[in-house]
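Peer 1: Below are the structure tokens for one structure; questions will follow.
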Amino acid sequence: MLELAPSILAADFADLGSNIKAVEQQGIKYLHIDVMDGKFVPSISFGMPVIASLRKTTNMIFDVHLMIEEPERYIQEFAHCGADIITVHAESCNHLDRVISQIQECGCKPAVALNPATPLWVLDYVLDKLYMVLIMSVNPGFGGQKYIPYATEKIQALKKKITEQKLTTLIQVDGGVNAGNVQEVMNAGTDIAVMGSAIFGKDISGNIQKIKKAME
Ligand code: DX5
Ligand code: ZN
């Protein structure tokens, strides 16, 4: 069963607490939290104080997507402020194996994200250590972009590798996913679909119902 992970980047920051309650009430387990540093990606979002405040309001699984340079400098702090899953970008780590261990040592679940143009083989030697792989289906940095079609075959290829190696690694897709293509990413082998603009907005529960219907 495909799980949804609403990305708070598209939420109303003046009303963040109630936006999160609204998704939680729909039975959603994961909350996708996009941290951007203005260097790895063009834009800047938010950081530890926001996550620490939200941690006090919900028991949802905090899925923290770090779109930052040198993430190894901040792993401990993100673990401390309430992350459950920490995702780093393969492109931003000089020593990816070490960063994965660092995340585990902090008591969090390690995940690695790949930009659209990054091949799957960069994970060949670490795949068995990962809780999750995030396939970016847009170039990271902004919400509301269009899904890049070749992400689907990348998800299929990753699913094949995971199955062949009898691993339990989850596949997450992030960027441009909505009711119109959720069925496609689900059939390709996605376990968790991140959605920002498709979920947040005026009618959060209505949006989620619509997406769930499209998954049937
Ligand atoms: C993009 C972020 C995404 C973003 C997705 O760089 O990583 O999580 O919030 O937003 P939508 O679903 O609107 O593409
Ligand atoms: Zn994200």
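Bear in mind these aren't lab numbers, they're just calculated from the coordinates by the rules spelled out. Every value quoted in this text rests on a predicted model; they were computed, and no experiment measured them. Cβ coordinates were reconstructed from backbone atoms using ideal geometry, including for glycine residues, and neighbour counts include every protein chain displayed.
Peer 1: For the stretch 33-83, which residues satisfy the criterion of being among the basic types (Lys, Arg) and part of a loop (DSSP other than H, G, I, E, B)? Steps first, please.
Peer 2: Kept after step one, since they are among the basic types (Lys, Arg), are these residues of the stretch 33-83: 39, 55-56, 73.
Matches in the stretch 33-83: Lys39, Lys56.
Peer 1: Which of the residues belonging to the stretch 84-94 are within 16 Å of ligand 2 (Cβ to nearest atom) and outside any helix (DSSP H, G or I)?
Peer 2: Once the filter is applied, which keeps residues that are within 16 Å of ligand 2 (Cβ to nearest atom) and outside any helix (DSSP H, G or I), the stretch 84-94 yields Asp84, Ile85, Ile86, Thr87, Val88, His89.
Peer 1: A further question on this structure: Pick from the stretch 130-168 the residues that are of a type in the set (Lys, Arg) and closer than 22 Å to Ala198 by Cβ: which of them is nearest to ligand 1 (Cβ to nearest atom)?
Peer 2: Per the criteria, the residue is Lys146.
Peer 1: How many residues does the stretch 95-142 contain that are assigned to a loop (DSSP other than H, G, I, E, B), among the charged types (D, E, K, R) and under 18 Å from Asp174 (Cβ atoms)?
Peer 2: Residues that pass the stated criteria total 0.
Peer 1: Select from the stretch 184-202 the residues that are surrounded by fewer than 16 Cβ atoms within 10 Å (Cβ to Cβ) and within 16 Å of ligand 1 (Cβ to nearest atom) and write down the one among them that is nearest to Phe142 (Cα to Cα). So that I can check it myself, show each step before the final result.
Peer 2: Applying the first criterion (surrounded by fewer than 16 Cβ atoms within 10 Å (Cβ to Cβ)) to the stretch 184-202 yields 187, 201-202.
Now restrict to residues that are within 16 Å of ligand 1 (Cβ to nearest atom): 201-202.
Working: Gly201: 16, Lys202: 20 Å.
Here the residue is Gly201.
Peer 1: Do you know which residues across the stretch 147-162 are more than 15 Å from ligand 2 (Cβ to nearest atom) and among the β-branched types (Val, Ile, Thr)?
Peer 2: Thr152, Ile155, Ile162
Peer 1: Okay, next question. Checking the structure you have, find out if any residue of the stretch 77-84 is within 20 Å of Ser137 (Cβ to Cβ), crowded, with 21+ Cβ neighbours inside 10 Å and either among the polar types (S, T, N, Q) or within 16 Å of ligand 1 (Cβ to nearest atom) (or both).
Peer 2: So far as the stretch 77-84 goes, no, none of its residues is within 20 Å of Ser137 (Cβ to Cβ), crowded, with 21+ Cβ neighbours inside 10 Å and either among the polar types (S, T, N, Q) or within 16 Å of ligand 1 (Cβ to nearest atom) (or both).
Peer 1: Let me ask something additional. So which of Gly175, Gly180, Gly206, Gly201 is of a type in the set (Gly, Ala, Ser) and within 19 Å of Val64 (Cα to Cα)?
Peer 2: On inspection, the qualifying residue turns out to be Gly175.
Peer 1: Please work out which residue is surrounded by the most Cβ atoms within 10 Å (Cβ to Cβ), limiting yourself to the stretch 157-182 and to residues that are more than 18 Å from the chain's Cα centre (by Cα) and either farther than 18 Å from Pro110 by Cβ or of a type in the set (Phe, Trp, Tyr) (or both).
Peer 2: Ala157
Peer 1: May I ask you to say which residue of Gln165, Gln172 is touching an Asp or Glu at 6+ places or on another chain (Cβ under 8 Å), within 16 Å of ligand 2 (Cβ to nearest atom) and of a type outside the set (A, V, I, L, M, F, W, C)?
Peer 2: Gln172
Peer 1: In the stretch 94-108, how many are of a type outside the set (Asp, Glu), at negative phi and surrounded by fewer than 18 Cβ atoms within 10 Å (Cβ to Cβ)?
Peer 2: The qualifying residues number 6.
Peer 1: State which residue pairs qualify: first residue within 11 Å of ligand 2 (Cβ to nearest atom) and inside the stretch 123-146, second residue acidic (Asp, Glu) in any location, beta carbons under 7 Å apart, and separation of 6 or more residues or different chains.
Peer 2: Leu134/Asp174; Met136/Asp174; Ser137/Asp174
Peer 1: Checking Ser43 against (1) closer than 19 Å to Ser92 by Cα; (2) within 12 Å of ligand 1 (Cβ to nearest atom); (3) within 16 Å of the chain's Cα centre (by Cα), which single condition isn't satisfied?
Peer 2: It is condition (3) that Ser43 fails.
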